[in-house]
Amino acid sequence: MKEVVIRTASLDDAPALAHLMSQLGYSTSADEMKERLKGILSTASYMTFVAEIRGEVVGMVGMGIIDFEVLSFNKS
């Protein structure tokens, strides 16, 4: 069985993440992804993780924390 390693994304992952995003239909370059990652990685309320198999990035997930007290679902 292949061992999957989950870790926090880094700027060095930009080329691999750009490739993955392009496979999903979101065409982007490594440089564009690096710029996006700079913003994401510097924001405490967002996290991006990558999945690796044998050192190759094969997946990713991004998440963010939303302050529901700021959002208004009941518009009167």
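The values are calculated or read from the model by the stated rules, or taken from the named source; none is laboratory data. The structure displayed is predicted, hence computed values, not measured ones. In this analysis, Cβ positions are derived from the backbone assuming ideal geometry, glycine residues included, and neighbour counts consider all displayed protein chains. Remember, those area values only see protein heavy atoms, side chains included, never the ligands or the DNA or RNA. Shrake-Rupley method; radii C 1.70, N 1.55, O 1.52, S 1.80 Å.
Of the strands (runs of 3 or more DSSP E) lying entirely inside the chain, none contains at least 2 residues that are aromatic (F, W, Y), under 15 Å from the mean Cα position of the chain (by Cα) and modelled with pLDDT of 95 or more.
Would you please name the residue that is farthest from A30 (Cα to Cα), looking only at residues in the stretch 47-69 that are of a type in the set (V, I, T) and surrounded by 11 or more Cβ atoms within 10 Å (Cβ to Cβ)?
Going through the qualifying residues, I end up with I53.
Pairs linking a residue in the stretch 1-21 that is in contact (Cβ under 8 Å) with a residue 12 or more places away in the chain and under 17 Å from I40 (Cβ atoms) to a residue that is open to solvent by 80 Å² or more (accessible area, probe 1.4 Å) and assigned to a helix (DSSP H, G or I), with Cβ atoms under 8 Å and 6 or more positions apart or on different chains, are L11/K34; L11/K38; A14/D31; A14/K34; A18/E32. The condition of being out of contact with any helix residue (DSSP H, G or I) (no Cβ under 7 Å at 6 or more places or on another chain), aliphatic (A, V, I, L, M) and open to solvent by less than 40 Å² (accessible area, probe 1.4 Å) holds for only one of A9, A44, A16, that being A16. Residues that are open to solvent by less than 100 Å² (accessible area, probe 1.4 Å) and among the polar types (S, T, N, Q) within the stretch 19-38 comprise S22, T28, S29, listed in sequence order.
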